[in-house]
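Below is one structure, written out as structure tokens; the observations come after it.
Coordinate-derived values only; no laboratory data. Fair warning: this is a prediction, and the values are worked out from it, not measured in the lab. Cβ sites come from the backbone with ideal geometry, for glycine too, and all protein chains shown count toward neighbours.
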Amino acid sequence: MTAHNRKTKLLPMYVRFWNQIKQFPGGLATGADASPPVSGPAAAALVSAAFSCFALMVNQHLCSMFDRWNEIVWSMGDWIPGSKNPDPIHGEIGSYSGKETVMLISWLVSWLVLSQLWKRKNIRLSTIFTCLFMFITAATVMNWHPLFPYLPLMPK
Amino acid sequence: MTSRTPEPLDVSTPRPIDIATICVYGLSILSAGLFLFLPLVNVLSPSPWQRYMGTIHGFAALLSAVVVAYLGHLAFPLLRGVPKILPQMRTLAFWAALVSFLAIASGNWVYMRYRAPANGARAWLRENTPLVHYLFMEYHEFTVLFTLPLGVACTWVLWQYGDSILEKRHRPVLVGTCLALMAMMFFGMGGLVSGLNVARIHSL
């Protein structure tokens with residue numbers, strides 16, 4: 001019995017259980033066989049994720065302003081269960097399903113485009129940071145954009 | 001002159017340090033378990049929808065917030081370049097993204113009843129206390145979605161770059177990933193807080 005095995009066997013059961021959980025699934029824990037030599041692929045993954053948050057909120061404002069666009073977006077979300085449901089008791093998701101779909105499409109398409117553009121490029125830290133910060137901050141602030149029908153705000 | 005031989009040490013008696021260790025671990029497990037049972041109060045709600053929908057979404061949301069917060073805290077040692085946390089981070093990022101998806105999926109299901117024409121919470125909130133809807137619910141329903149792409153991106157980057165993410169040439173990748181992890185934690189915690197705030201004003 002090696003020293004490491006002896007030490008592992010001495011650990012309490014819950015510690016050994018937790019250590020196993022932290023390493024599961026094993027294929028993920030070990031990481032990929034070869035890592036990209038440049039930062040481009042990582043930048044594409046991170047920036048596209050932040051961009052999809054921004055795109056979701058831009059689309060939300062367009063939906064708030066234009067009823068016709070809201071209907072189109074809603075129809076894009078038909079594939080999500082519960083998007084449309086005539087039952088007044090259980091209700092329906094409504095155009096929110098389409099907004100989720102728009103976010104999903106903008107995320108995957110922007111990831112595909114950026115990963116092609118940046119797959120052999122080294123993207124600087126300032127570029128990654130600026131994109132992440134701007135998209136995430138703008139997306140957060142746009143939750144309370146003045147275009148929303150705020151009034152009357154106070155409880156009756 | 002007689003000499004007394006020392007009595008053999010009783011090895012079956014646990015040392016105080018062992019008892020203390022068991023107590024520390026036991027209390028931490030009990031505390032975590034107690035916290036995770038926070039959504040169980042939903043089963044006592046007078047609303048039938050809150051009893052089952054609220055409980056299921058509550059458990060999914062709380063589990064998601066806990067895992068995402070645990071992952072977010074690992075961004076600190078990652079930023080300092082501690083290599084031994086990397087395997088754990090790669091798996092945890094995956095689980096965080098997965099439980100975030102489950103929280104979002106159960107949230108979609110609950111959102112249906114929230115918007116229901118028959119005594120739905122949304123109409124009542126907009127009529128009686130619009131700030132709860134416009135300030136908390138609007139924030140809740142959109143920002144919780146942010147956790148999924150951020151979680152998937154972090155999982156992919158941590159797996160794809162492996163241990164080389166700590167190398168100097170990949171410093172931009174490391175910093176960007178830490179920022180995304182923190183943003184994910186921010187939106188995960190914000191989602192839990194805003195969702196709880198809405199639920200305590202009006203049940204489903």
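Residues whose amide H comes within less than 5 Å of that of residue B:120, counting only those at least five positions distant or on another chain, are absent (H built at 1.01 Å from N in the peptide plane).
What does a probe at residue B:25 reach in region B:41-75, counting residues whose amide N is under 16 Å from the point 7 Å along Cα→Cβ? None, by backbone N distance to the label point. Computed about the Cα centre, the dipole magnitude for region B:78-172 is approximately 260 debye when only Lys and Arg (+1) and Asp and Glu (-1) carry charge, each at its Cβ.
To the nearest 20 Debye, how big is the dipole of chain B about its Cα centre, given +1 on the beta carbon of each Lys and Arg and -1 on that of each Asp and Glu? It would help to have the intermediate numbers written out before the result.
Details: 14 positive and 8 negative charges, 64 e Å.
The calculated dipole for chain B is roughly 300 debye.
Legend: helices of chain A (whole DSSP H runs) are marked when their alpha-carbon atoms reach 20 angstrom or more along the helix axis and their mean Kyte-Doolittle hydropathy is at least 0.5; marked are A:40-65, A:96-118, A:125-141.
Only helices reaching 18 angstrom along their own axis (Cα) with mean Kyte-Doolittle hydropathy no lower than -0.5 count here, and for the DSSP H runs of chain B these are B:16-36, B:55-73, B:86-114, B:138-161, B:171-201. Here the spin labels are modelled as points 7 Å beyond Cα on the Cα-Cβ line, and at residue B:38 and residue A:84 they lie 3.9 nm apart.
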